[in-house]
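One structure is given here, and the rest of the page talks about it.
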Amino acid sequence: MLGADLQVPVKGGRLVPYANLDYAASAPCLEPVNAAVAAALPAYSSVHRGAGYASQLTTARYEQARHTVRAFAGARPDDALIFTRNTTDAMNLLARSLPDGTTVVVFDTEHHASLLPWSDAVRLAPPAFPGEAIRAADEALAAVDGPALLVVTAASNVTGELWPIAGLAHIAHRHGARIAVDAAQLVPHRRLNLTALDLDYVAFSGHKLYAPFGAGALIGRPDWLAQASPYLRGGGAVKAVAETTEWSEDPEARHEAGTPNVLGAIALAAACDALSATGWTVLVREEERLLARLRAGLAGIEGVRELSLWGPDHPRVGIVSFVVDGRSAREVAEELSSEHGIGVRDGKFCAHPFVRHLLGTPDGGCDDDTASAVRASIGIGSTEEHVDRLIAALKRLAAS
């Protein structure tokens, strides 16, 4: 892991090892990812349009990356995979590709990447329990006349809680609708199998997946994508240009105009390979051990409250958000950084409606610190010392 030996300054001028507990925002770069990018750079060239050796080699690496990421996600043989900048970009691409008259159904618990791209969506209130999520989606989709798309997260970026995406996919398909899943916070922590879950579309970001090189992916059924107006108009997206333009019928080419982020795609594929090679059993076991330690420590501090939609026993990935009585989230995050060398996130985590619901606060402006929380998130480089340092710091902070 790059940055594992990072030293950061704290008050008094000392340098201490950095305790990175902000993986949910952006994960550090894995060594194999860095090595893959370094190996590709000497022969870097444009893809799909050159006969020279470097161009041919780079094209092969780019398309191999597409194959690797497709396999990592458990895609169906005919699914398209379009490389994007991130999950937000992927969801906006999908929004631009919807057939006319499509009704989008989305929960208010979504990250803004999945909440905001739709021009006119049916927004559902945060469900009190997983079964209510399925019931609410069932009722909303039953009222739709025409094409419909259900949009839902796989793992909350605020609470880490896992959503019943298989059950929601079943409900969507029962009504003739499709489902799109924001898997940005799932794929760094759990295996994704799009085919087994019967999902129509998934989107995720490389920078959450230990590949911070500006690439993400939209994977899913090709028909809507092949029929949509190109997301970007330019070289590579066309079949022929004369008095009129004939666009490529291949959805991947159609929506990847211009020179793509080749190195980002190679990095994303290298991260997928590295996680698969490590093995999900090993990764999940270690994450759950550290997560239990973190949550138990937080529960033992008077004045600290963990945020949860479905209660403390619901399965979740390594993300915990909390508030400290008498302290703003920004004050807590700044003190953890300046006094203890701990990196966490504070704010509304690009999920304003959901955070306000969890805190029971009315709607307000983006700068309203009364409706913010602190988020600690763990990943492959997290250690017991990082967790214990956070707990010890919060105990001192809460008592002061």
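Any read-out appearing in this document is the output of simple, stated calculations on the displayed coordinates, not a laboratory observation. All values reported here derive from a predicted model rather than from experimental measurement. Every residue, glycine as well, gets a Cβ built from its backbone with ideal geometry; the counts of neighbours run over all protein chains shown.
About its Cα centre, what dipole magnitude does the chain give when the only charges are +1 on Lys and Arg Cβ and -1 on Asp and Glu Cβ, stated in debye to the nearest 20? List each step's numbers first, then the result.
On the way: 35 positive and 46 negative charges, 135 e Å.
Around 640 debye, computed over the chain.
Between helix 87-96 and the chain, what is the angle of the helix's C-alpha long axis to the longest principal axis, kept within 0 to 90° and rounded to the nearest 10?
Here the helix axis deviates by roughly 40 degrees.
Can you give me the Cα centroid spacing of region 343-358 and region 380-400 in angstrom?
20
Please provide three numbers in whole Å: the alpha-carbon extents of the chain along the principal axes, with the largest listed first.
72, 56, 39
Starting from the Cα of Lys11, draw a straight line to each of the lysines and keep only those under 29 Å, dropping any in the same chain fewer than 8 residues away.
Within reach: Lys348, Lys395.
Roughly how tilted is helix 53-72, in degrees to the nearest 10 and between 0 and 90, from the longest Cα axis of the chain?
Roughly 60 degrees, rounded to the nearest 10.
Considering only DSSP beta bridges whose two residues both sit in region 31-277, what percent are antiparallel, to the nearest 5? Walk me through the numbers on the way to the answer.
Values: 14 of 30 bridges.
The answer is about 45 percent antiparallel.
Suppose the chain between Arg285 and Leu6 were pulled fully straight at 0.36 nm per residue; how much longer would it get relative to their current alpha carbon spacing? Don't skip to the answer; put the middle values down first.
Working: separation 279, 0.36 × 279 = 100.44 nm, distance 2.56 nm.
Result: 97.9 nm gained on full extension.
How long is the gain from Glu63 to Arg233 if the chain were fully straight, where each residue apart is worth 0.36 nm and the alpha carbon distance is subtracted? Working shown, then result.
Values: separation 170, 0.36 × 170 = 61.20 nm, distance 2.10 nm.
Length gained between Glu63 and Arg233: 59.1 nm.
What do you get for the angle between helix 31-40 and the principal long axis of the chain? Use alpha-carbon atoms, 0 to 90 degrees, nearest ten.
30
Taking only the alpha-carbon atoms of region 1-113, what semi-axes of the equivalent ellipsoid follow from 5 times the gyration tensor eigenvalues under a square root, in whole Å, largest first?
33, 28, 12
Rounded to the nearest 0.05, what FRET efficiency do Asp145 and Thr361 have when you use their Cβ-Cβ distance and R0 = 35 Å? Let's see the in-between values first.
On the way: r = 36 Å, r/R0 = 1.04.
That gives a FRET efficiency of 0.45.
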